[in-house]
Every structure is written in C-alpha cells, then in structure tokens.
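Readers should treat all values here as calculations from the given coordinates under stated rules, not as data from a laboratory. All figures in this text were calculated on a predicted structure; none of them were measured in a lab. Neighbour counts are summed over all protein chains in view; Cβ atoms, including those assigned to glycine, are modelled from backbone coordinates with ideal geometry.
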Amino acid sequence: MSYLQYPLHLRFKLVALAPQIYVTDANGEDVLFVRQKILNLREDVRIFRDSSKSEEIYRINADRIIDFSANYHFTDSRTEQRLGSIKHKGMRSIWKATYLVSDDVDQQGFHINEDNPWAKVMDALLGEIPVLGMFTGYVFHPTYTAFHENTEKPAMRLEKKPSFFERSYEIHKLDDDLAQHEEQLLLLSFMMMIQLERSRG
C-alpha cells in the first residue's frame, strides 16, 4: 500500500443494509471498498480493491462472538496469509477507546488511542436530538491516533470530518518511515476500528 496518496478519504454510508466504506486517495481515486457482511454472529468484513467488488484483497474476522476481548484477525484474501490483528484494550474502551495492534506473529507493534473521548460522547448524545442532531457532525470530530508501541511516535491518525447524511473520515500518515507492512497493518486496523466505533460516534 505504499503507493497510496494521503490523506485518504473515507465515506461511511448510514442507510446501507450492510455497512460499507468507500475509500479514495488525495486525488479522488478509488483505492478500497469495505463491506461488512450481515447476519453473522462474528464480525466478518471484506475489503475490495474498489467498489465494483471484483477483487477481494483482505478479510477481517473475529475469533469469537463480539465482546470486549475479541481479536479481529486480518488475512490476505489472495494468499491466505495472516497479516495481524486488532483488539480492544480491556474495559477502558467503554470510556476512552484504546486498541492494540499486533503483527502476524502476535507481536504488538502499535496502539491506537482516542484523542478526546468527550468529542465522541457529545457527538453521540446530541446526535439523538431531532434537527439538532443533523449538525453535530460539524461541531464534534473524534480523532484516533496510532502510536509505535516502543517509541510512542505517532504513525497515523483517523479523524471524523463534517458530514450530514453519511459518516466521513480522513486518514493521515504521520510517519513517513513506516514500512509497507506496517502501513498495511494500520490501515486494516482503522477499517475495523470504524466498524466497532460506529455506534459510539
């Protein structure tokens, strides 16, 4: 994924039967399409090269029925190679979302922190108020930053952007020295994290 031009723009359709995300690069080119399968007891997310869904390139599957201790594993759909995983960091995720990101041999390399949990809380609460809820997306913008586990150096950031009838996000690459497999791992982590966080703002 080193060819990607940042920032990446993500559009999350709210009215779709199955949750889906359209991902475009800084030039407006389609780069990924994310679709979550419905009627599954375990999370099952498929990632395609574009919205035509002609080529599936990644899968994300939970190792158990959804709970705070679930691990979400990333797989290369073309080679069946295991790429890594993401999971909640215990009960802290109820208030401030924290995720742990591990590689293909379960070595933790990154953690993702929610930068300001109050933004998410206010966005979610006011979003339930008729009329007023339409404008919360222009006021409260939850952000999530991925850090290198050992150095605490920021690597990537996901930010919710203003929107009316859909959820809109941007992903910024903060560390130009990220290896290609690290970039891939963090992008897959953010794609899954959006699915998990969508009901919390």
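Values computed for the structure shown
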item	result
Pairwise FRET efficiency - Lys37 versus Gln107, Cβ, R0 = 41 Å, nearest 0.05	0.90
25 Å Cα-Cα threshold exceeded, pairs from Lys53/Lys153; Lys96/Lys153; Lys37/Lys96; Lys96/Lys160	Lys53/Lys153; Lys37/Lys96
Length added when fully stretched, Gln81-Gln5, from 0.36 nm per residue minus Cα-Cα	24.8 nm
Cβ-derived FRET efficiency at R0 22 Å, Thr151 paired with Asp115, nearest 0.05	0.75
